[in-house]
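Accompanying notes for the structure given below.
The values are calculated or read from the model by the stated rules, or taken from the named source; none is laboratory data. What you see is a predicted model; the values in this text were computed from it and never measured. For neighbour counting, all protein chains shown are included, and Cβ atoms are generated from backbone atoms with ideal geometry for every residue, glycine included. Accessible surface is based on the protein model in full, side chains and every heavy atom, while ligands, DNA and RNA are left aside. Shrake-Rupley method; radii C 1.70, N 1.55, O 1.52, S 1.80 Å.
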Amino acid sequence: MSTIHVPKQLRNAHPLVSATQRFYESVRPDEDGRMRPGPKKGVAHMIVSRAALNRALRVLQAILREAERRGYEVIPSHGFESTGISVAIGGHSYPIALHELHDRVQVTEDDLKRWRKAKEWQLRWHPDLKPPTQKSIPNGYLKLISPSWHGGRSSWSEGPRGPIDRKLPQFFEELERRVVEDDRRDAQRRLEE
């Protein structure tokens, strides 16, 4: 299996990577520390912490450059199930997104105080409302997502079995499998018309 190089630094960024980087500079993290803006055309949809942002951008850079090296088109996307950026192959479009995984940990007393303050009015009407016992914290591991509507693999996560870098060739193999299947479905549809 071939390897796909993820750069150690982000230099000569792909225009869509640069647009994503500029967009995320103004996004505020939510209570679990990850930034989660909605999809925006021409900006990769990512749910990551500030600490993981640079690495996620470098992984995105590797994906987009490899797609173009293979002769595929990288396009801004919008609409149903859009993630802001898609890889287009032979008339088919495959959206991509990156998410940072998280761990569940016990809430602290300070967390409970913040929860009670945020839920002050709700607790007045529902005093039996149960406080959370756990919270999510980002763990630095990334997951590449490309929704699949007709079966096949749709996510590649890093973890104990290796970094996301080693999973990128599998991602491209899946895209190529999808193209064959999508072409077959299109041909079948044309025959039935």
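Look at the stretch 1-28 and say how many of its residues are surrounded by 14 or more Cβ atoms within 10 Å (Cβ to Cβ), without any contact (Cβ under 8 Å) to a residue 24 or more places away in the chain, within 30 Å of Arg104 (Cα to Cα) and not β-branched (Val, Ile, Thr).
Adding up the residues that qualify gives 1.
Anything in the stretch 24-55 that is of a type outside the set (Lys, Arg) and not in a loop (DSSP other than H, G, I, E, B)? List them, or say none.
Tyr24, Met35, Val43, His45, Met46, Ile47, Val48, Ser49, Ala51, Ala52, Leu53, Asn54
Within the stretch 42-99, take every residue that is in contact with a Gly (Cβ under 6 Å, 6 or more places away or on another chain) and modelled with pLDDT under 95 and give me the one that is most open to solvent (accessible area, probe 1.4 Å). Write out each step before concluding.
Taking the stretch 42-99 and keeping what is in contact with a Gly (Cβ under 6 Å, 6 or more places away or on another chain), we get 43-45, 49, 52, 76.
Next cut, modelled with pLDDT under 95 only: 43-45, 76.
On the way: Val43: 9, Ala44: 4, His45: 30, Pro76: 61 Å².
This residue is Pro76.
Please enumerate the residues belonging to the stretch 158-177 that are of a type outside the set (A, V, I, L, M, F, W, C) and under 19 Å from the mean Cα position of the chain (by Cα). Can you show your working first?
Going residue by residue through the stretch 158-177, those that are of a type outside the set (A, V, I, L, M, F, W, C) are 158-163, 165-167, 169-170, 173-174, 176-177.
Scanning the stretch 158-177 gives Glu158, Gly159, Gly162, Pro163, Asp165, Arg166, Lys167, Pro169, Gln170, Glu173, Glu174.
Select, from Lys143, Lys117, Lys130, Lys135, the only residue that is modelled with pLDDT of 95 or more and open to solvent by 50 Å² or more (accessible area, probe 1.4 Å).
One residue alone meets the criteria, Lys143.
Please identify the pairs in which a residue from the stretch 127-149 that is free of Cβ contacts under 8 Å to residues at least 40 places away in the same chain has its Cβ atom under 9 Å from the Cβ atom of a residue that is open to solvent by 40 Å² or more (accessible area, probe 1.4 Å) and part of a strand (DSSP E or B), counting only partners at least 6 apart or on another chain.
Pairs that qualify, where the first residue is free of Cβ contacts under 8 Å to residues at least 40 places away in the same chain and the partner is open to solvent by 40 Å² or more (accessible area, probe 1.4 Å) and part of a strand (DSSP E or B), are Thr133/Gln106; Gln134/Arg104; Gln134/Val105; Gln134/Gln106; Asn139/Leu101; Asn139/His102; Asn139/Asp103.
If you go through the stretch 54-66 one residue at a time, do you hit one that is at positive phi and either within 23 Å of the chain's Cα centre (by Cα) or among the basic types (Lys, Arg) (or both)? Give the derivation first.
Here is the first cut: in the stretch 54-66, the residues at positive phi are none.
No: zero hits.
Taking strands (runs of 3 or more DSSP E) that fall entirely within the stretch 60-117, which contain at least 3 residues that are touching a residue at least 24 places away in the same chain (Cβ under 8 Å) and under 30 Å from Lys130 (Cβ atoms)?
On the way: elements: 73-76, 85-89, 92-95, 97-106.
Of the strands (runs of 3 or more DSSP E) lying wholly inside the stretch 60-117, those with at least 3 residues that are touching a residue at least 24 places away in the same chain (Cβ under 8 Å) and under 30 Å from Lys130 (Cβ atoms) span 97-106.
Output the residues belonging to the stretch 151-193 that are in a loop (DSSP other than H, G, I, E, B) and touching a strand residue (DSSP E or B) at 6+ places or on another chain (Cβ under 7 Å). Break it down into steps so the answer makes sense when it comes.
Step one: filter the stretch 151-193 for residues in a loop (DSSP other than H, G, I, E, B), giving 151-154, 158, 160-161, 163, 193.
Across the stretch 151-193, the qualifying residues are Ser154, Glu158.
Say we look at the stretch 152-193 and pick out the residues that are aromatic (Phe, Trp, Tyr) and touching a residue at least 60 places away in the same chain (Cβ under 8 Å); which of these is surrounded by the most Cβ atoms within 10 Å (Cβ to Cβ)? Reasoning before the result, please.
Restricting attention to the stretch 152-193, the residues satisfying the condition of being aromatic (Phe, Trp, Tyr) are 156, 171-172.
Subset that is touching a residue at least 60 places away in the same chain (Cβ under 8 Å): 171-172.
On the way: Phe171: 23, Phe172: 18.
So, considering only residues that are aromatic (Phe, Trp, Tyr) and touching a residue at least 60 places away in the same chain (Cβ under 8 Å), the one surrounded by the most Cβ atoms within 10 Å (Cβ to Cβ) is Phe171.
Go through the stretch 118-150 and give me each residue that's assigned to a loop (DSSP other than H, G, I, E, B) and touching a helix residue (DSSP H, G or I) at 6+ places or on another chain (Cβ under 8 Å). First the steps, then the outcome.
Of all residues in the stretch 118-150, those assigned to a loop (DSSP other than H, G, I, E, B) come to 119, 126-133, 146-150.
Result: Leu129, Pro131, Pro132, Ser146, Ser148, His150.
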